[in-house]
Amino acid sequence: MSKTLRDVLNQFRTLENVELAAVAGTDGLLIESSARSGVDVDAICAVASNGLAMAEALGREINKGGSVQTVLEYDQGLILLEPVSSDAMLVVLTSSRELLGKLRYMAQAHRANLDAALAAI
């Protein structure tokens, strides 16, 4: 049985400090999410699309190619942005900076499921 997009995003939310796991269009519009109560998913995805666009522009400017993954670390957490297609991105928000390695592993491990779930929409 294939996993739905929400099923895949819920896998990220099994980690204690993950506040949001979402797939959004590169235009910032939400496609699907799994979030803790009180998280403004639409606003975060809208702004996150600008973060990914900035990373893409920087990669072009320095001749390093497209963004594979963008991580922004803050005092009280981090956000991981990863293109999953030409018009969609994975957005994961945490309240802890300690999860970076695990999140990067999970993004890679669930890539095929994300691709399949997106294709099924």
Taking segment 1-15 and keeping only residues that are touching a residue at least 40 places away in the same chain (Cβ under 8 Å) and either at positive phi or not small (G, A, S) (or both), one is left with K3, T4, L5, D7, V8, Q11, F12, L15
Over segment 60-82, the set of residues over 11 Å from A22 (Cβ atoms), in contact with a Gly (Cβ under 7 Å, 6 or more places away or on another chain) and either of a type outside the set (G, A, S) or at pLDDT 95 or above (or both) is T70, L72
| If you check S33 against the conditions, is it touching a Ser or Thr at 6+ places or on another chain (Cβ under 9 Å), among the small types (G, A, S) and either under 21 Å from L9 (Cβ atoms) or in contact (Cβ under 8 Å) with a residue 12 or more places away in the chain (or both)? | no
Counting only residues in segment 45-91 that are among the hydroxyl-bearing types (S, T, Y) and not in a loop (DSSP other than H, G, I, E, B), the one surrounded by the fewest Cβ atoms within 10 Å (Cβ to Cβ) is identified as Y74
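Would you mind stating whether E16 is assigned to a strand (DSSP E or B) and loosely packed, with under 15 Cβ neighbours inside 10 Å? Full working, then the answer.
Details: assigned to a strand (DSSP E or B): no; loosely packed, with under 15 Cβ neighbours inside 10 Å: yes.
Answer is no for this residue.
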Exactly one of A35, A21 is surrounded by 16 or more Cβ atoms within 10 Å (Cβ to Cβ) and under 11 Å from the mean Cα position of the chain (by Cα), and that one is A21
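Select from segment 92-107 the residues that are over 20 Å from R6 (Cβ atoms), part of a helix (DSSP H, G or I) and not basic (K, R) and list them in ascending order. Can you show your working first?
So in segment 92-107, the residues over 20 Å from R6 (Cβ atoms) come out as 95-102, 104-105.
Checking which are part of a helix (DSSP H, G or I) leaves us with 97-102, 104-105.
Within segment 92-107, E98, L99, L100, G101, Y105 meet the criteria.
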Quiz item: What about K3, is it charged (D, E, K, R) and either at pLDDT below 95 or in contact with a Cys (Cβ under 6 Å, 6 or more places away or on another chain) (or both)?
Solution: yes
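The values are calculated or read from the model by the stated rules, or taken from the named source; none is laboratory data. Note that the structure is a prediction, hence the values are computed from the model and not measured. Neighbour counts run over all protein chains shown; Cβ positions are idealised from the backbone, glycine included.
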